[in-house]
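Here's the structure we're looking at; comments come further down.
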Amino acid sequence: MTQQQSWTAEQIPDQTGRVFVVTGANSGLGLATTRALAARGGHVILAVRDMDKGRRAVSEITAGQPEASLEVRHIDLADLASVRAFADQLRADHPRLDVLINNAGVMAPPRTLSAQGHELQFACNHLGHFALTGLLLDLLGAGSKPRVVTVSSVNHKQAQIRFDDLSGERRYKPMGFYNQSKLANAVFGWELHRRLTRSGSPVRSVLAHPGYTATNLQWDTPTGLWQLVFGRIGSPLLAQRPADGALSQLYAATEPAVESGQFIGPGGMGELRGAPTRVKLAPVATDPETVRRLWEVSEQLTDVRFAFPAAV
């Protein structure tokens, strides 16, 4: 795949009749993604932690797109009970799902534990999406040209997974654990692709990253040097707008030529900005031992096992 120099949201194919779930859809990349999909006729389910913010996002979109087909549902990705409740309710109301976009995330908070006792970034960014995907796999299997898009980060290239200290009890560095969670996203998306392909499933697993995009992740990061340099100074000067940063995940979710296992990111210098194109995963993201250990520990921590169809 070559870089799409002029690709914009206006080039998204008609999505009428297709059902999307976008996590973290009330702001930033998720809101930009939801707005673009709705503009092309998709029915978008905004999966959000704060229902009031979700409803405000719907009002914002429908003010400019009165015909937008949207619904808001609650999910707290850091709470596996909430993830299961979301999946159960969605299954009761929808016979199929065409695209799941695993977009939501938290970045660099002080060390915090989830409801199940896992480090918050690993819980929300990775474990919640791992569980959600597994619990919705049957609905995706019934979808039309179904895809799972998992949003990672260029930062995954700087990371390692600390299997001996996933909770950060021994040593916690906020950005280090953020990078770890983004590597976990990359490993998960790649291995999901392998397992889906091996089973003969029609579901495609595609990875994406937004480059350097000005979202509330930067502004909500605790004060300090990182926020000063990359948030308050760097974002206005260097970062893309959310509508531009979202193009990679929109391309991954809708472009017919995208294949399972591909990683889509900005094509500019350092993958920080630019039009969506195919980019490379860090070697550790496809390392067999890392992949095996992460999948196994994710199953153990979430109590979710993926039901892949038998190979055709």
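Just so it is clear, none of the values below were taken in a lab; they were calculated from the coordinates. Everything numeric here is computed off the predicted structure, so don't read it as measured data. Methodologically, a virtual Cβ is constructed for each residue, glycine included, from the backbone with ideal geometry; neighbour enumeration extends over all protein chains shown.
See the values below:
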{"quantity": "Other-chain or far-sequence residues with amide H under 5 Å of Val72's (modelled H)", "calculated": "Leu46"}
{"quantity": "Sparse-neighbour loop sites [GluC sites (Glu not before Pro); region 1-101; at most 10 other C-beta within 10 Å; DSSP]", "calculated": "Glu67"}
{"quantity": "In nm, spacing of pseudo-spin labels at Ser199 and Gln116 (7 Å Cα→C-beta vector)", "calculated": "1.8 nm"}
{"quantity": "Packing-based order for 47-58, 285-296, using average beta carbon neighbours within 10 Å, highest first", "calculated": "47-58, 285-296"}
{"quantity": "Rel. contact order, % - alpha carbon contacts under 8 angstrom, at least six apart, region 40-196", "calculated": "23 percent"}
{"quantity": "Candidates Ala63, Ala36, Ala115: whichever shows maximal mean-square fluctuation once the chain is modelled as a Gaussian network with Cα springs under 10 Å", "calculated": "Ala63"}
{"quantity": "Size of electric dipole in the chain: Cβ of Lys, Arg +1 and of Asp, Glu -1, about Cα centre, debye, nearest 20", "calculated": "420 debye"}
{"quantity": "Environment charge at Val258 (Cβ cut-off 11 Å; Lys +1, Arg +1, Asp -1, Glu -1)", "calculated": "+2"}
{"quantity": "Fraction of alpha-carbon pairs over 14 Å apart in region 49-110 - percent", "calculated": "69 percent"}
{"quantity": "Mean Cα-pair separation over length for the chain, i.e. relative contact order, pairs under 8 Å, 6 or more apart, %", "calculated": "19 percent"}
{"quantity": "Proximal charge balance of Asp98 [Cβ under 10 Å; K/R count +1, D/E count -1]", "calculated": "+4"}
{"quantity": "Whole-Hz couplings from phi, Karplus 6.51/-1.76/1.60, listed for region 245-256; x for Gly and Pro", "calculated": "x, 6, 4, 4, 6, 5, 4, 4, 7, 10, 6, x"}
{"quantity": "The chain: most fluctuating residue of Ala186, Ala25, Ala85 per GNM, C-alpha cutoff 10 Å", "calculated": "Ala85"}
{"quantity": "In sequence order, calculated HN-Hα J values of region 103-110 (Karplus, 6.51, -1.76, 1.60; Hz; x Gly/Pro)", "calculated": "9, 4, x, 10, 10, 6, x, x"}
{"quantity": "Diffusion constant of the chain at 10 °C, which comes from Stokes-Einstein with the Kirkwood Cα-pair radius and 1.306 mPa s, µm²/s", "calculated": "83 µm²/s"}
{"quantity": "Within region 60-184: Cβ-based charge dipole about Cα centre, in debye rounded to nearest 20 (Lys, Arg +1; Asp, Glu -1)", "calculated": "540 debye"}
{"quantity": "Phi to ³J(HN,Hα) by Karplus 6.51 cos²θ - 1.76 cosθ + 1.60 over region 133-147, Hz, x for Gly, Pro", "calculated": "4, x, 6, 9, 4, 5, 5, 5, x, 8, x, 9, 6, x, 9"}
{"quantity": "Residues Ala63 and Ala92, FRET efficiency given R0 of 22 Å [Cβ-Cβ distance, rounded to 0.05]", "calculated": "0.15"}
{"quantity": "Simple spin-label estimate for Asp138 and Lys280 in nanometres, 7 Å along Cα-Cβ", "calculated": "4.2 nm"}
{"quantity": "Placed amide H near Thr277: partners under 5 Å, 5+ positions off or other chain", "calculated": "Gly265, Gly267"}
{"quantity": "Contour excess over end-to-end distance, with Cα ends at Glu71 and Arg293 and 0.36 nm allotted per residue", "calculated": "76.3 nm"}
{"quantity": "9 Å beta-carbon shell around Val154, net charge (K/R +1, D/E -1)", "calculated": "+1"}
{"quantity": "For region 9-106, radius of gyration divided by Kirkwood radius, i.e. Rg to Rh on alpha-carbons", "calculated": "0.95"}
{"quantity": "P(r) histogram, all alpha-carbon pairs of region 98-195 included - 5 Å bins from 0, percent", "calculated": "3, 14, 24, 24, 16, 10, 6, 3, 1, 0"}
{"quantity": "Selected from Leu31, Leu250, Leu166 as most flexible by GNM, with the chain as the system and alpha-carbon contacts under 10 Å", "calculated": "Leu166"}
